[in-house]
1. Given the residues 221, 167, which is the only one that is modelled with pLDDT of 90 or more and not in a loop (DSSP other than H, G, I, E, B)?
2. For the range 489-505, name all the residues that are within 30 Å of residue 29 (Cβ to Cβ) and either buried (at least 16 other Cβ atoms within 10 Å of the Cβ) or within 26 Å of the chain's Cα centre (by Cα) (or both).
3. Considering only the range 554-651, give the helices (runs of 4 or more DSSP H) lying wholly within it that have at least 3 residues that are in contact with a strand residue (DSSP E or B) (Cβ under 9 Å, 6 or more places away or on another chain) and under 24 Å from residue 252 (Cβ atoms).
4. Which of (1) without any contact (Cβ under 8 Å) to a residue 12 or more places away in the chain; (2) out of contact with any strand residue (DSSP E or B) (no Cβ under 8 Å at 6 or more places or on another chain) is the odd one out, the single condition residue 703 does not satisfy?
5. Any idea which of (1) more than 21 Å from residue 517 (Cβ to Cβ); (2) out of contact with any helix residue (DSSP H, G or I) (no Cβ under 7 Å at 6 or more places or on another chain); (3) in contact (Cβ under 8 Å) with a residue 24 or more places away in the chain is the one residue 611 doesn't satisfy?
6. If we scan the range 710-720, do we find a residue that is outside any loop (DSSP other than H, G, I, E, B) and loosely packed, with under 15 Cβ neighbours inside 10 Å?
7. For the range 449-488, what are the residues that are within 27 Å of the chain's Cα centre (by Cα), crowded, with 20+ Cβ neighbours inside 10 Å, touching a residue at least 60 places away in the same chain (Cβ under 8 Å) and assigned to a loop (DSSP other than H, G, I, E, B)?
8. Given the conditions (1) more than 29 Å from residue 286 (Cβ to Cβ); (2) modelled with pLDDT of 75 or more, report the number of the one that residue 235 does not fulfil.
């Protein structure tokens, strides 16, 4: 208990000097914290009204769970903003459902969107702008996604994916041959030689269990019966998931086995209550990326190059037109060695724009913008000299320009090119990133990432002039935060490659102090970091707030620098890219504020690979964290969904002696005896992209050798842990890595 005199002094302090002290303290900006992860709002999917006056968009946030302490979940809601900034943005949807993929009707009176409710398939809903609740339009057992309004606003095009069993069932009901053209079933068996047990109801299964002679049973099952009865019994067990049996090449999914492929089907539905969907396509072709023709009679889309090739082996896709009245699919383009993507018809009906990637089966060629007459004819390349990977093609309302984005030197600028050919205009700079956009009327709306803010919605003229910030989802709380600036640099390697890198000073920088240096490596290996890349925004600012100087680079093999730079790590994942990373490290470490004796290293995916490679060849780092990486390339072929990187980068497969020798040479596990740097190895329990056994092999080897190593595994976590994983696990990972570094470089 305080003495009366002490209480009097305290009261006087609170009434006088404390007010000035509090004013100073309140004015001082705070540093980014780990918990600020939950403040970040991700802005997505802007869609403009036909006149360009309004933009509907998605806000993804992390919200506390109502039924659990210290647990959070993701929510996605639709918002509406006036593009002239005359009214504050307002929220359109609420509640625990996830709402996404908004699309305006051509009349501008309704918005179609996809609503997902936990444990239910996503369905398309319609929201009237005049008022009222959103109402479901589809009620498909298989769900619905990607709504697109017909030009006249009467119908909506969408897709729904069916399993192999569902496609077979639907085709048999339609009286069609249900055997795929690429039949490659179980060795020694015929396709569909047992009943389609996966489509049978629980009631039917129960009936068959009690009365095998029931007329409801399609086939008798008996483990001691005839060969056919044995096969039916086995097929029923497989349908129950015990055991899981597959004949697929791509039998791994992102988080589990993927026993059966799925096949997207196209549908249309009238935009009115009580309408029933009309299936446009039915089969194993898997038509995707569909868009309306200007007259509303057909759609253009991407489909299979060879009908008799299993989808798992298909490396090429062709450009199609599908007639909506008959479902007939017409091939528009299928040039050997070329791939096509994202076709979009011009509003005036004259042209089809699409992305085209030349170069053959395994290529480092960059996708280009191409255009062809809608009626068929000569293909014209519009960006042959850009040498950047184009994506997200959209037409201007007057059909004069094609807009697109492309990773470029650390940013994701928005471009446009005349449909008739001409100069490519870069509309935004390399210091920012456009992650999504739309164009309507004379307005351009886009989501922008900057060094000072991960996501906000902007509007501008159609040429990106007179831009204005429409939202403050993140700036509202960032105004009270002290951020670290990105400082650009570049270096030239001995091979003549120019490597860009960036540094960040500690947020509370004091020129008189020395700071530890954190080296961070991106994945891919074709990813690209820079001020316009959003996924690392919080992590970089968190480490800067914790007193680290930071350096990250785009070593050889990174995207956004053209074909030759991206191919520069062919048959060289280790030594070459590592030398680029270490050269940037040397440059950053020479800064006066960096303590060269306190260097730490981390990276995820390919960055995890390169982290392990570097500490197996270099001893300068006090500690390192290898996140969800690949460490033994021969086993990666069978372990990960990204196995195709082996033939792409090494020209073959592990059973080929020459290739296997290179894979062993390039595997960090080969050099495990050289690793003496304290290493934290992280992986998700269900990360099938790189394969969790990769981390187990590296950890067990180091543990057997008696090296300083620790292993952390996150239950239920996939390869996307750091981007879309469970919020609490994302927070734990960030704090855990920093705590590990502190053990070896000292307290802040």
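The values are calculated or read from the model by the stated rules, or taken from the named source; none is laboratory data. Source: prediction; values computed, not measured. Because the Cβ atoms are built from the backbone with ideal geometry, glycine has one as well, and the counts that use them run over all protein chains shown.
1. Of the residues listed, the single one that is modelled with pLDDT of 90 or more and not in a loop (DSSP other than H, G, I, E, B) is 167.
2. 500, 501, 502, 503, 504, 505
3. The helices (runs of 4 or more DSSP H) meeting that bar are 606-615.
4. Tallying (1) without any contact (Cβ under 8 Å) to a residue 12 or more places away in the chain; (2) out of contact with any strand residue (DSSP E or B) (no Cβ under 8 Å at 6 or more places or on another chain), residue 703 fails exactly one: (2).
5. Looking at each condition in turn, residue 611 falls short on (1).
6. Checking the range 710-720: not a single residue is outside any loop (DSSP other than H, G, I, E, B) and loosely packed, with under 15 Cβ neighbours inside 10 Å.
7. 451, 470, 471, 473, 474, 484
8. Unmet for residue 235, out of (1) more than 29 Å from residue 286 (Cβ to Cβ); (2) modelled with pLDDT of 75 or more: (1).
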